[in-house]
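Enquirer: Can you keep this structure in mind? I'll have questions shortly.
The values are calculated or read from the model by the stated rules, or taken from the named source; none is laboratory data. The shown structure was predicted, so the numbers you read here are calculated from the model rather than taken from an experiment. With ideal geometry, Cβ positions are generated from the backbone for all residues, glycine too; neighbour counts draw on all protein chains shown. These accessible areas exclude ligands, DNA and RNA; they are computed on the full protein's heavy atoms, side chains included. Shrake-Rupley method; radii C 1.70, N 1.55, O 1.52, S 1.80 Å.
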Amino acid sequence: MILELDCGNSFIKWRVLRADGITAVEGGVVSSDDDLLTSLNDGGKFQLKKCRLVSVRTLAETDSLVASLVDLFGVSVVRAVPAREMAGVKNGYEDYERLGLDRWLALLGGFHLASGACLVLDFGTAVTADFVAADGEHLGGFICPGMPLMRNQLRTHTRKIRYDDIAAERAHESLAPGRATVEAVERGCMLMLRGFVLTQLELARQYWGKEFVVFLTGGDANLVSGVVPDARVVPDLVFVGLAMACPLS
């Protein structure tokens, strides 16, 4: 079996594939290395042989996780690394190594699935937008705070803003002006997120007219899917790119 990992700033997304490298057996999202190892070591149900991963964590943090995986499961581990060009896509950053690896893999996956121009919108702790032209030229992108960052900043710096995650979820049932603080904050942040998306769409239209595909990925993609009804929602877009960057024979 093959283990795939997307090690983000806040969470680790994982999934296990059969030896064919296509069929997913199980997966999940955890908040720590220990939780990941516990999930994978559940009764020995996963016969792991290989692992490929992408990490935006520090080298020391990633090394520590890799060492634990090797010790516990004896897997061979391949890591995604920066590239100036891959699979027909040209990295658009002046210093290509500074483009976040998760963004790079997501836009690789998007271009592969679109077979042409695409706009990749990833909704995680931060929100990112990346533009890839039909010839594979990465035109660059944008980064802004995602829902978790916006929400936590208001909670941290405004003393009277206090509410739990359940209340936040209920507030998303409508976009009417809030009649309670939780509604005002959550709906205000959601409207900011949607405004960001609409701006990206307008820019993409200026580039390519109607000849492009929009991809939505990341944990909060559902919050904006209504704004882009024709978009393709691909929760595992980073894993699509990871398989391209780290093929396992």
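Enquirer: Suppose each label sits 7 Å from its Cα in the direction of the beta carbon; what would the Met192-Asp71 distance come out to in nanometres?
Expert: My value for the distance between the label points is 4.1 nm.
Enquirer: For Lys49, Lys210, Lys90, give the ranking by accessible area with the largest first, probe 1.4 Å.
Expert: Descending accessible area places them as Lys210, Lys49, Lys90.
Enquirer: Starting from the Cα gyration tensor of the chain, take the square roots of the eigenvalues, sort them a ≥ b ≥ c, and report rounded, prolate or oblate (rounded when a/c is under 1.5, otherwise prolate if a/b is larger than b/c, else oblate).
Expert: oblate
Enquirer: Solvent-accessible area of Tyr207, probe 1.4 Å, all protein chains present, reported in Å² to the nearest ten, please.
Expert: Approximately 110 Å² for this residue.
Enquirer: Also, I was wondering about something else. Counting only protein chains, not ligands or nucleic acids, how are His112, His172, His138 ordered by accessible area (probe 1.4 Å), most first?
Expert: These residues rank, largest area first, as His112, His172, His138.
Enquirer: Among all the lysines, which ones have a C-alpha under 30 Å from Lys13's C-alpha, if same-chain residues fewer than 8 places away are not counted?
Expert: Result set, ordered by chain and number: Lys45, Lys49, Lys50, Lys90.
Enquirer: Hey, with R₀ at 51 Å, roughly what FRET efficiency would Arg84 and Thr38 work out to, going by the Cβ-Cβ distance, to 0.05?
Expert: Computed FRET efficiency for Arg84 and Thr38: 0.85.
Enquirer: I'd like the FRET efficiency for Val227 and Asp135, computed as 1/(1 + (r/R0)^6) with the beta carbon distance as r and R0 of 25 Å, rounded to 0.05.
Expert: Working: r = 28 Å, r/R0 = 1.11.
Once the sixth-power term is evaluated, E becomes 0.35.
Enquirer: Please report the net charge: other residues with Cβ closer than 13 Å to the Cβ of Val238, K and R +1, D and E -1.
Expert: -2
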